[in-house]
Structure formats: C-alpha cells, structure tokens
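Take a look at the structure below.
The values are calculated or read from the model by the stated rules, or taken from the named source; none is laboratory data. Since the structure is predicted, the reported quantities are computational estimates derived from the model, not experimental observations. Here Cβ is always computed from backbone atoms with ideal geometry, including for glycine, and neighbour counts include all displayed protein chains. Protein only, heavy atoms only, side chains kept; ligands, DNA and RNA dropped before computing areas. Shrake-Rupley method; radii C 1.70, N 1.55, O 1.52, S 1.80 Å.
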Amino acid sequence: MTWPRWRSLGGIPCVILGAGGHARVVIDAMEQQGKYHPWGILDRDRRLWGTRLDGVLVVGGDDVLPKLVTEGVQAFTVGVGSIGDMTPRIRLFQAGVAAGLAPATLVHPSAIISRRARIDAGCHLMAASVVHAGARLGQNVIVNTSAVVEHDCDVADHVHIATGAKLASTVRIGSGAHIGAGSTVRQSISIGEGAIVAAGAVVVTDVAPGTVVMGVPAKVRS
Ligand code: JB2
C-alpha cells in the first residue's frame, strides 16, 4: 500500500471516503476553505487504488480506516453524495467516527451562513449555498451548490439538499431524506425520514417518511 506523501499545504489532515463526483466538490471546498488538508481518499473500488483524483491519492479501501489515527490523520469526511440512497453516507459517517476521527465541517468561502444558524459536525456547505438565521443542521448534512436553507428550518442528520434546491422558512426535514436538485419546498412543510423529493419538484404538502414525491405540485410516485 502506498501512503500519501505529506504536502506542505498545512491544515488538519483529513481522509475523504469515496472517490466520485461528490468527492471532487469536497476536495475543492476543502482546499478553498484552508482549514483541512485532503490527506488521501478511500474507495471500495479496487481499480481506483493508487490513482489520483484532482491530485489526491486513492489509498485503498475502508479497511484502512482504523489505521489512520496512527498515521496522523485527524479528520474524515464522507465524499459520497448517494443520490437516492443515503445508506452509504450514514454507514461511512459511523465508520469514520468509530475509527476515532473527527467529522470535518466543510464551508466553501462563498457560502453564506448566518451566525444564528446551528451547524453540527460533518456538514458540507458548498459554493454559493445559504443557511439562514435560526436554521439547524444535524450531522453529515450536505447543502450542495447554490442550495438555500431559509430561516428556522430544521434539517436532521445525513440529509442531502442537492444543487439549487430551496427550503422556504420553517421547513422540517427528517433524517436521511434527499431533497432533489432544483426542487422547492414551501414554508412550514414537514418531510419525513428517508423521503426522496425528485429533482424539480415543488412540495406544498407534507411528505410521509420513506416516500418518493415528484412533479409540480409534488405527488407521491405511484
Ligand atoms: O462504502 C463505500 C463506498 N460506496 C461507494 N466506501 C467507500 N470508501 N467508497 C464507496 N463508494 C464509492 O463512491 C464508489 O466506488 C465511487 O467511486 C464513489 C461514488 O461516486 P459517484 O460519482 O458514483 O457518486 P457521488 O455520490 O460521488 O456523486 C453523485 O452525487 C453527487 C451529489 C453524482 O450524482 C454527482 O454528480 C452529484 N453531484
């Protein structure tokens, strides 16, 4: 196994779990934020081991994770976006914590985050995203590029608010839900745990846990 050479970038050494599309956006946010240093990547796909993603070495698989504390790695981040299935993101977050690493909170410099928002560990606040006053994000939440979480929204752990999605005020999102790209959720709506809002949907009524809704206005997928 090849271990990454230390680069002289500074920052907290952080391992990224997953080497796909979301990981590229993670690396970019990490480098621009400057707080963390992308130490290396773990991916389950053996064909990627020894390759580089945007200059960051794919070191090996998740079996390496428990050894990283002794290598000086201090933090981890889930680099998998998992559109439509949050299970890998939840499992990888738990594995990183179990390995004794701290969940990195990534904030792109162009994100607008209210001082009155509460952001738990391991969140990704990507380029041009907005999280407004009184909003609360649980652990391991993605607010992806240009997504908006308006004031007093309550977003539980492991939720992915995809690119360009908008939550109007006081929306509640249950754990592990996916809010699709470009969708809009009206104020005061509740979206249940594990629900999926399809891309482009406009949600004007509450969504039950585990259901998939789509369209304008959004309806349960038959
Ligand atoms: O259990 C795992 C695991 N499962 C999948 N452990 C580790 N370490 N890696 C895992 N992976 C890896 O995540 C796959 O082998 C693959 O290399 C990567 C997922 O890449 P992909 O590009 O398919 O998905 P993504 O989640 O990074 O990006 C999707 O979601 C983003 C939000 C894409 O749809 C993007 O376009 C989108 N922006």
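The rows are residues; the columns are (1) of a type outside the set (A, V, I, L, M); (2) over 23 Å from ASN144 (Cβ atoms); (3) out of contact with any helix residue (DSSP H, G or I) (no Cβ under 9 Å at 6 or more places or on another chain).
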residue: ILE16; (1), (2), (3): no, no, no
residue: TYR36; (1), (2), (3): yes, no, no
residue: TRP49; (1), (2), (3): yes, yes, yes
residue: THR70; (1), (2), (3): yes, yes, yes
residue: LEU92; (1), (2), (3): no, no, no
residue: GLY96; (1), (2), (3): yes, no, no
residue: ILE112; (1), (2), (3): no, no, yes
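Going by the structure shown, is ILE16 within 30 Å of GLY180 (Cβ to Cβ) and either near the ligand (Cβ under 9 Å from one of its atoms) or open to solvent by 40 Å² or more (accessible area, probe 1.4 Å) (or both)? For ILE16, the condition - within 30 Å of GLY180 (Cβ to Cβ) and either near the ligand (Cβ under 9 Å from one of its atoms) or open to solvent by 40 Å² or more (accessible area, probe 1.4 Å) (or both) - is met. Filtering region 47-86 to residues that are more than 12 Å from the ligand (Cβ to nearest atom) and surrounded by 13 or more Cβ atoms within 10 Å (Cβ to Cβ) leaves ARG52, ASP54, VAL56, LEU57, PRO66, LYS67, LEU68, GLU71, VAL73, GLN74, ALA75. Given the conditions (1) open to solvent by 50 Å² or more (accessible area, probe 1.4 Å); (2) near the ligand (Cβ under 9 Å from one of its atoms), report the number of the one that ARG89 does not fulfil. Among (1) open to solvent by 50 Å² or more (accessible area, probe 1.4 Å); (2) near the ligand (Cβ under 9 Å from one of its atoms), ARG89 violates only (1). Looking at region 17-44, which of its residues are farther than 16 Å from ASP62 by Cβ and small (Gly, Ala, Ser)? Once the filter is applied, which keeps residues that are farther than 16 Å from ASP62 by Cβ and small (Gly, Ala, Ser), region 17-44 yields GLY21, ALA29, GLY34. When ILE142, ILE119, ILE112 are screened for being more than 27 Å from PRO13 (Cβ to Cβ) and at pLDDT 95 or above, only ILE112 passes.
If you scan region 32-46, which residues turn out to be more than 9 Å from the ligand (Cβ to nearest atom) and open to solvent by 90 Å² or more (accessible area, probe 1.4 Å)? Across region 32-46, the qualifying residues are GLN32, LYS35, ARG46. Within region 30-42, no residue that is free of Cβ contacts under 8 Å to residues at least 24 places away in the same chain sits with its Cβ atom under 7 Å from a residue that is among the hydroxyl-bearing types (Ser, Thr, Tyr) and within 16 Å of the ligand (Cβ to nearest atom) at 6+ positions apart or across chains.
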